[in-house]
Amino acid sequence: MIDIRNLTKRYGSTAVLKDCSTHVAKGEVVVVCGPSGSGKSTLIKCVNALEPFEAGTIMVDGISVGDPATDLPSLRARVGMVFQNFELFPHLKIIENLTLAPEKVLGRSPDFARRKGLDLLDRVGLAAHARKYPGQLSGGQQQRVAIARALAMDPLAMLFDEPTSALDPEMISEVLDVMTALARDGMTMMCVTHEMGFARRVAHRVIFIDGGTIAEDRPAAEFFGDTASPRAKSFLSRILQH
Amino acid sequence: MKIWDWAGFFEYLVNPYILAGAWATLWLTAVSMVCGLALGFVLALMRRAPRRLVAAPAGFYVWLFRGTPLLVQLIVIYTGLPQLGIKFGVIQSALIGLSLNEAAYLAEIIRAGIDAVPPGQVRAARALGMRERQIMRYIVLPQALRIVIPPLGNSVNGLLKTTSITSVISMEELLRRTQVLIQEQFEVLELFSVAALYYLAMTTLWQLVQHRLERYAGRSDAPPTAAGA
């Protein structure tokens, strides 16, 4: 589904990603973790071309992301993305946040888009809030809406960029629950997160990025087992301390 | 010698000649504002363009029209351009001068409004597969609009009064007609008071409209019903 080969990304002269290669199969859930500034967010932003990259290839469902001939909007329409700061459209009602792109990008009828939107809101437990504005919801609720908004496009895969990092602790689990349900339904997911409990329970594989390179890429059970490398171990002990 | 002619004052207050002048001020403001907005919007988009070849002319335009007095611009258009064989009538000159001048200021307001929309909003719209034109129309402009309503309202208020400058090229708006009547009646204070009242009435009316617009644009920020970010 997502195939990353020898990816290199630079900001000016500093390489933030160096020769990264990995693969996410259909239905697979991959957690990407690593110290801050390691390049993990950049990696998933390259997947839907929100960040350009200098070398290597990324294929999404057989389409080359880096190819100048690729129509990026239609590629992005098929890959859902959830951001750290939700980025709901504040001037639109919750339901309008869910119907705008399906109507304008996929050309769906307002009626169909609306029914699907309400279904999805129901799925994330927020059907009662359809007519409110994003500013009236809590952070956890907004992030669940953001997930529903991405799902409204019927994506092939979902990218999560630290979806719980901006949330108050008591709201983290409601978002992780939605993500867990999504994974159980067989969604292909690439999640940048520090939620190691989620990774342990849900992820098939864990990618550990350190200093712009993929230091570990192995099944979750192995990653959390004894075989983890010293660098990953020290990272884990630092974030699991509390 | 009479001090203040109340009868005259009330007569001027409903004088059809003055009233028609106030009406001219009103439509002069409306038409110049609409034209200024259209041109200002194009200029704002040009100034934000990554290509210097597109951005630079817009920057030059804004620099030129904000850096010279409207009075000079009007006189150049009305009495200067005929020297080059380009002739505009009084009304045309007034509309052109006000629109071109206003566009320079509005371009800066619109540009600032567009720039104030957080880049994360554009990123989120892109991630949904929206095209740049759609992002501008459905995501950026509606959010920029509510940012620019207060400064735009200021511009309308200013323009209502600035139209009086077109009296120097004998545009028959409120001030010009007031001055004409003064030359006949010599009741300077009474007539200028009437003109001032008309300007006040128009700016007050606009203030009410602007208040409504701001409320409409701000309808999405009702107080949160739950705690949190």
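The values are calculated or read from the model by the stated rules, or taken from the named source; none is laboratory data. Owing to the predicted nature of the structure, the values given are computational and were not obtained by experimental measurement. Counting neighbours? That spans all protein chains shown, and the Cβs are built from the backbone with ideal geometry, glycine included.
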I need a count of the residues in the range A:126-141 that are facing another protein chain (nearest Cβ under 7 Å), in contact (Cβ under 8 Å) with a residue 40 or more places away in the chain and of a type outside the set (A, V, I, L, M, F, W, C). 3
Contact list please: Cβ distance under 9 Å, first residue in the range B:178-191 and acidic (Asp, Glu), second residue crowded, with 19+ Cβ neighbours inside 10 Å, pairs at least six apart or on different chains. B:Glu187/B:Tyr12; B:Glu187/B:Leu181; B:Glu190/B:Tyr12
Kindly indicate whether any position in the range B:5-17 is charged (D, E, K, R) and either in contact with a Ser or Thr (Cβ under 7 Å, 6 or more places away or on another chain) or at pLDDT below 95 (or both). yes
Would the range B:202-220 turn up any residue that is more than 11 Å from every other protein chain (Cβ to nearest Cβ), of a type in the set (Ser, Thr, Tyr), surrounded by 20 or more Cβ atoms within 10 Å (Cβ to Cβ) and more than 30 Å from A:Gly107 (Cβ to Cβ)? no
Look through the range A:142-164, keep the residues that are surrounded by fewer than 23 Cβ atoms within 10 Å (Cβ to Cβ) and of a type outside the set (A, V, I, L, M), and return whichever of them is farthest from the other protein chains (Cβ to nearest Cβ). A:Glu162
Among the residues listed as A:Asp154, A:Asp217, the single one being under 18 Å from the mean Cα position of the chain (by Cα) and modelled with pLDDT of 95 or more: A:Asp154
What is the one condition in (1) out of contact with any Gly (no Cβ under 8 Å at 6 or more places or on another chain); (2) more than 14 Å from A:Lys40 (Cβ to Cβ); (3) of a type outside the set (Gly, Ala, Ser) that A:Glu216 does not satisfy? (2)
Yes or no: B:Met136 within 14 Å of another protein chain (Cβ to nearest Cβ) and in a loop (DSSP other than H, G, I, E, B)? no
Residues located in the range A:58-99, provided they are within 11 Å of chain B (Cβ to nearest Cβ) and over 30 Å from B:Gly218 (Cβ atoms): A:Asp71, A:Leu72, A:Pro73, A:Ser74, A:Leu75, A:Arg76, A:Ala77, A:Arg78, A:Val79, A:Gly80
If you take just the helices (runs of 4 or more DSSP H) that sit entirely in the range B:42-128, which of them hold at least 3 residues that are without any contact (Cβ under 8 Å) to a residue 24 or more places away in the chain and crowded, with 17+ Cβ neighbours inside 10 Å? B:119-127
Filter result for A:Ala113 (at pLDDT 95 or above, within 23 Å of B:Ser220 (Cα to Cα), surrounded by fewer than 23 Cβ atoms within 10 Å (Cβ to Cβ) and not acidic (Asp, Glu)): yes
The range A:123-153, residues that are small (Gly, Ala, Ser), part of a loop (DSSP other than H, G, I, E, B) and within 19 Å of B:Ser220 (Cα to Cα): A:Ala130, A:Ser138
Tell me whether the range A:184-191 contains one or more residues that are modelled with pLDDT of 95 or more, part of a strand (DSSP E or B), within 12 Å of chain B (Cβ to nearest Cβ) and surrounded by 22 or more Cβ atoms within 10 Å (Cβ to Cβ). no
Pull up the range B:1-18, narrow it to residues that are part of a helix (DSSP H, G or I) and surrounded by 14 or more Cβ atoms within 10 Å (Cβ to Cβ), then point me to the one that is farthest from the chain's Cα centre (by Cα). B:Gly8
Suppose we filter the range A:100-125 for residues that are away from every other protein chain (no Cβ under 13 Å), closer than 21 Å to A:Ala157 by Cβ and within 19 Å of the chain's Cα centre (by Cα); how many remain? 3
